[in-house]
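The values are calculated or read from the model by the stated rules, or taken from the named source; none is laboratory data. Being a predicted model, the structure only gives us computed values, none of them experimental. Virtual Cβ from ideal backbone geometry, glycine too; neighbours counted across all protein chains shown.
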Amino acid sequence: MPKKYYCDFCHCSFPDNPTNRQKHIEGAAHQANRKFHYDWFKEPEEFIREQQSKPPCRRYLNHGFCEYRLDCRYSHIAYDMAGHPIYPAELIEWLQQRQVADASSSPSAVSMQQQQQQQQPAKRYRLPSGWKLHALPPSLKPPPRQGYDWSDVATW
Ligand SMILES: [Zn+2]
Ligand SMILES: [Zn+2]
């Protein structure tokens, strides 16, 4: 049985031999998949910086569209009169997808905490059953909502 080469980036397999392998790895589809894969794990800020550091894409600037999209060797980020970057639709799309992916799979401590808080509503203060609030001595009463009045502690 001939060995098969499985490409993790393209999710495809083919008979493994040096020619096939080289052809595949040099192929445009593989290179785009590979790049996309790595880009996906980049921080959005870093990704945007990288896009901005490329020279501007003439095709994109002239036609408002370039089929290479995010894989273009040139930058599709334009600038307005004030010098603010205008992101191309494909970059905004990427950022949105990226946000969704982060929100659903991020193991970061902050989002874990938020999830736990959502699952467990804050505990309310409760008196043991049978206790009547107005019948308790002051020292056993729960703190008043507005906090204790410390202005006339001398009278205690
Ligand atoms: Zn591949
Ligand atoms: Zn381009």
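Brief remarks follow.
- Checking each residue in segment 20-30 for being more than 9 Å from ligand 1 (Cβ to nearest atom) and within 32 Å of the chain's Cα centre (by Cα) picks out GLU26, ALA28.
- Summed over segment 58-91, residues that are surrounded by 13 or more Cβ atoms within 10 Å (Cβ to Cβ) and in a helix (DSSP H, G or I) total 8.
- Residue that is nearest to ligand 2 (Cβ to nearest atom), among those in segment 31-77 that are of a type in the set (Gly, Ala, Ser) and within 24 Å of the chain's Cα centre (by Cα): SER75
- The set of residues from segment 66-79 being modelled with pLDDT of 90 or more and either more than 21 Å from ALA29 (Cβ to Cβ) or within 16 Å of ligand 1 (Cβ to nearest atom) (or both) comprises SER75, ILE77, ALA78, TYR79.
- Only one entry of LYS35, LYS42 meets the criterion of being assigned to a helix (DSSP H, G or I), on the phi < 0 side of the Ramachandran plot and not β-branched (Val, Ile, Thr), and that entry is LYS35.
- Flag for HIS37 being out of contact with any Ser or Thr (no Cβ under 7 Å at 6 or more places or on another chain), within 16 Å of ligand 1 (Cβ to nearest atom) and not hydrophobic (A, V, I, L, M, F, W, C): yes
- Within segment 1-19, residues that are near ligand 1 (Cβ under 8 Å from one of its atoms) have Cβ atoms under 6 Å from residues that are among the polar types (S, T, N, Q) in these pairs: PHE9/ASN33; CYS10/ASN33, counting only partners at least 6 apart in sequence or on another chain.
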